[in-house]
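The values are calculated or read from the model by the stated rules, or taken from the named source; none is laboratory data. In this text, all values refer to a predicted model and were calculated from it rather than measured experimentally. Every residue, glycine among them, receives a Cβ derived from its backbone with ideal geometry; neighbour counts consider all protein chains shown.
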Amino acid sequence: MYPRLQQRFRFWSGSTCGGFRLVDYPVGFRMERPSSATKGILFGVFDGHGGWACAQAVSERLLSYVAIAMMPRQSLEELEHCVEHGHPAPPVLQWYKHRGDVSYQKSASLYREQLRVFWQELLDHGEHGDGMSPAEAMDCAFKRLDTDISLEASSASFLRPAENCNTSHVLPHNPLLQVAFTGSTACVAHVGLEGIHVANAGDCRAVLGVQEEDGSWSALPLSRDHNAQNERELQRIRGRHPRSESSTVVVEDRLLGVLMPLRAFGDVSFKWSRELQAGVLQGLESGVDLDSLNMYQHTPPNYLTPPYLDAAPELLYHKLRPQDRFLILASDGLWDEMGSQQAVQLAPVTDKRLNLGQMQELLQKRSARAARPLDLNAATHLIRHALGISNHGELCHERLAAMLALPEQLARMYRDDITATVVYLNSELAKPSQHS
């Protein structure tokens, strides 16, 4: 990576889901992917609904699609040569996996094959010389991956399982079908030396922390939530369907009365025609317990003129300034509990550097339970406050412990899953260097 780029960023991530504990992810979290062609790093937050499968797949695949689209022709030719001759996989094909991540080896092989088809098509395109800009690449990648997810699922439903295989168990758990019928929102940022490009589809959010001249903090939104509170988004959705459906496209702030985000990956039950959905079900082996396939059988009410949903991202660019100090990317679970301004005011609290003696003293106090945890991870700090703030506006550790101890079946009744990443920016490098 470029030396100056290494000095530009420092970031932390964290998440909590179901009834599980807070998880800290320091530098090296899987959502980082260098983009050598544009001297930047890609960060992403992905929030699943209806299950985790789609969010898992999108988090593993989307940033690679973006990176491929930004690579110049020469780099793509070198990449194809490596794969064709069995050379070690280049970094863009190497996944950064946390030890707790779930992985499907068969799916991983398919994902790489589909990614290869993507770059081969780019090579066949005569105008792909220097690669796409970050904005063009993110727009292309979002749409292409969603298309691939749909095609993979429609093809997988017609694959016959092995002989003597219990189809009632295997088919409902086909990972390709799970990915397509569940859904995920995504917010991706390409942070470069001079600016930030953000691509958002759904209700995750990107917020910039700005330090004003008087030392106070202000929040600058770098994305817009795609939900029923966004009047512009409502007009976009309703404008794609006949006027006769104006009262049924969004019902009680949900798409067709079912789905909260108005843009998402997967969710093919909001995209496929009735005929295609029926064809997929018919492609499943006879003898399957249909009750176990209810997730594939559900068609939303008033389903008249599909598709009702897409994963086309909304794009925004912000030129970095010296006062821009950090970027927060987080799922809607965080924003349900606090506003953008509150999050920006909390994040700088953890922007501290401790020497070894201070760290040892802190660890000794914590081990002796003489002090409450001090969050060195900014994302964990945000999540802790989102879950633990009392009715009086103060952090209550008893409330936090109770929220994190809830069984997974009960947790969803009290809170949403939360994923957050905080990227600290080196303000001294806001202006591009002539020697970078």
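Which of the residues spanning the stretch 229-271 are surrounded by fewer than 19 Cβ atoms within 10 Å (Cβ to Cβ) and of a type in the set (Lys, Arg)?
Passing the criteria: 232, 236, 238, 240, 243, 254.
Residues of the stretch 378-431 being modelled with pLDDT of 70 or more and either touching a Pro at 6+ places or on another chain (Cβ under 7 Å) or basic (Lys, Arg) (or both), which ones?
384, 399
Across the stretch 295-330, what is the total count of residues that are touching a residue at least 24 places away in the same chain (Cβ under 8 Å), over 16 Å from the mean Cα position of the chain (by Cα) and either assigned to a strand (DSSP E or B) or over 11 Å from residue 208 (Cβ atoms) (or both)?
22
For the stretch 343-359, does any single residue satisfy the condition of being at pLDDT 75 or above and farther than 19 Å from residue 211 by Cα?
Of the residues in the stretch 343-359, the ones at pLDDT 75 or above are 343-348.
This time we only want the ones that are farther than 19 Å from residue 211 by Cα, so: none.
Looking for residues that are at pLDDT 75 or above and farther than 19 Å from residue 211 by Cα, one finds none in the stretch 343-359, hence no.
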